[in-house]
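The values are calculated or read from the model by the stated rules, or taken from the named source; none is laboratory data. This one's a predicted model, so the numbers in the text were calculated from it and none came from an experiment. Here the Cβ is made from the backbone with ideal geometry for all residues, glycine too, and neighbour counts use every protein chain on show. Note: areas computed on protein heavy atoms with side chains; ligands, DNA, RNA excluded. Shrake-Rupley method; radii C 1.70, N 1.55, O 1.52, S 1.80 Å.
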Amino acid sequence: MDYKELVSVGTEIGRLLVQYGAEIYRAEESMKRIFVAYGAPDSHIFALTTCINVTVCQPDGMPISRICRVEDRCIDLGKIDRLNDLCRRACSRRPALSRLRWEVEQIEQDKGNSKALRALGFAGVAFAFTLFYGGNAADACVGAVTGLLVYWLQNFFLKYRANSFFATLLESVVIGLVCLGAAHFDPYLNVDRMIIGSVMNLVPGIAITSFMRDILSADYLSGLLRFVESLLVATAIALGVGTIMVLSRLLWGV
């Protein structure tokens, strides 16, 4: 058994689980189960939202350690499900490590849904939530347009690896500009409902759930890190939209 390769593959699986938004305990348990299945029961794993530290003891007592940094975190429940399924199959069937690494790489390289479907999802979320919060059909249509703009901006910032706080800040600024601009030309539109429905694409709902799960699982440090990330996103949304609303009142009294 190539234990160095085992540690490398197991750490990659844990890294991807954390990167795509899985709970910390899920990533740690998945790695530990893989190590046990491949004959390395003595393992010590410490995972955070930004890095993973793994040490596995070989049968002769010689430890193998690896530290892996987690970058470009996002939420992808589809890939988490596929990684969970891969871990279960690896533990029950124990395929060759080369095969396991190949499947991990395929999951990481998978682009998921098409751009058109994802854009439709952003527009649909804004459209539906605008209606849900009491807006009319015209409000919802404006919300759908802002959803498309948010999708385009997220892809643009992701391409250049922009800071997530400032990216969210600028996206919320665009939401405020579009909604207030539409209301300026059509005073019958409900600005508040359009903005609320549109920003739902930016609200870190899954991240908030994850940090609560981490804290309940006694992963307090990881939970606090995710809580801070969620708080920063909420602050960016409030600053972006709030700034535009304050400026509009000062300049046009809207």
Item to check | Condition check for MET245: more than 21 Å from GLY124 (Cα to Cα) and in contact with a Leu (Cβ under 9 Å, 6 or more places away or on another chain) | outcome: yes
Checklist entry - Within the range 1-41, which residues are of a type in the set (Asp, Glu) and under 22 Å from ALA218 (Cβ atoms)? => result GLU23, GLU28, GLU29
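Within the range 179-187, does at least one residue satisfy the condition of being outside any helix (DSSP H, G or I), more than 17 Å from the chain's Cα centre (by Cα) and either farther than 26 Å from CYS74 by Cβ or in contact (Cβ under 8 Å) with a residue 60 or more places away in the chain (or both)?
Scanning the range 179-187 turns up at least one residue that is outside any helix (DSSP H, G or I), more than 17 Å from the chain's Cα centre (by Cα) and either farther than 26 Å from CYS74 by Cβ or in contact (Cβ under 8 Å) with a residue 60 or more places away in the chain (or both).
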Item to check | Of all residues making up the range 82-133, the number that are more than 23 Å from VAL150 (Cα to Cα) and of a type in the set (A, V, I, L, M, F, W, C) | outcome: 11
Item to check | Top-ranked residue in the range 159-173 [being in contact (Cβ under 8 Å) with a residue 40 or more places away in the chain and open to solvent by 30 Å² or more (accessible area, probe 1.4 Å); ranked as nearest to GLU71 (Cα to Cα)] | outcome: ARG161
Checklist outcome for this item: Counted residues in the range 130-147 being part of a helix (DSSP H, G or I) and either open to solvent by less than 70 Å² (accessible area, probe 1.4 Å) or among the polar types (S, T, N, Q) (or both) come to 10
Checklist entry - Filter the range 90-105 for residues that are open to solvent by 70 Å² or more (accessible area, probe 1.4 Å), part of a helix (DSSP H, G or I) and not small (Gly, Ala, Ser); which is nearest to ALA37 (Cα to Cα)? => result ARG93
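Considering ARG193, ARG249, ARG226, which residue is in contact (Cβ under 8 Å) with a residue 40 or more places away in the chain and over 19 Å from GLY21 (Cβ atoms)?
Working: ARG249 fails: in contact (Cβ under 8 Å) with a residue 40 or more places away in the chain; ARG226 fails: over 19 Å from GLY21 (Cβ atoms).
Answer to the selection: ARG193.
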Item to check | Those residues of the range 50-60 which are open to solvent by 50 Å² or more (accessible area, probe 1.4 Å) and farther than 22 Å from PRO95 by Cα, in sequence order | outcome: ASN53, ASP60
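Tell me the residue from ALA40, ALA47 that is farther than 26 Å from LEU224 by Cβ and crowded, with 20+ Cβ neighbours inside 10 Å, please.
None of the others qualify; the one that does is ALA40.
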Next on the checklist: Looking for something closer than 11 Å to ASP139 by Cα, assigned to a helix (DSSP H, G or I) and open to solvent by less than 60 Å² (accessible area, probe 1.4 Å) - is there at least one such residue anywhere in the range 211-224?
Outcome noted: no
Checklist outcome for this item: Scanning the range 1-37 for residues that are at pLDDT 90 or above, hydroxyl-bearing (Ser, Thr, Tyr) and more than 14 Å from ILE107 (Cβ to Cβ), the one least open to solvent (accessible area, probe 1.4 Å) turns out to be THR11
Item to check | Check on ALA126, touching a helix residue (DSSP H, G or I) at 6+ places or on another chain (Cβ under 8 Å) and either open to solvent by less than 80 Å² (accessible area, probe 1.4 Å) or within 16 Å of ASP76 (Cβ to Cβ) (or both) | outcome: yes
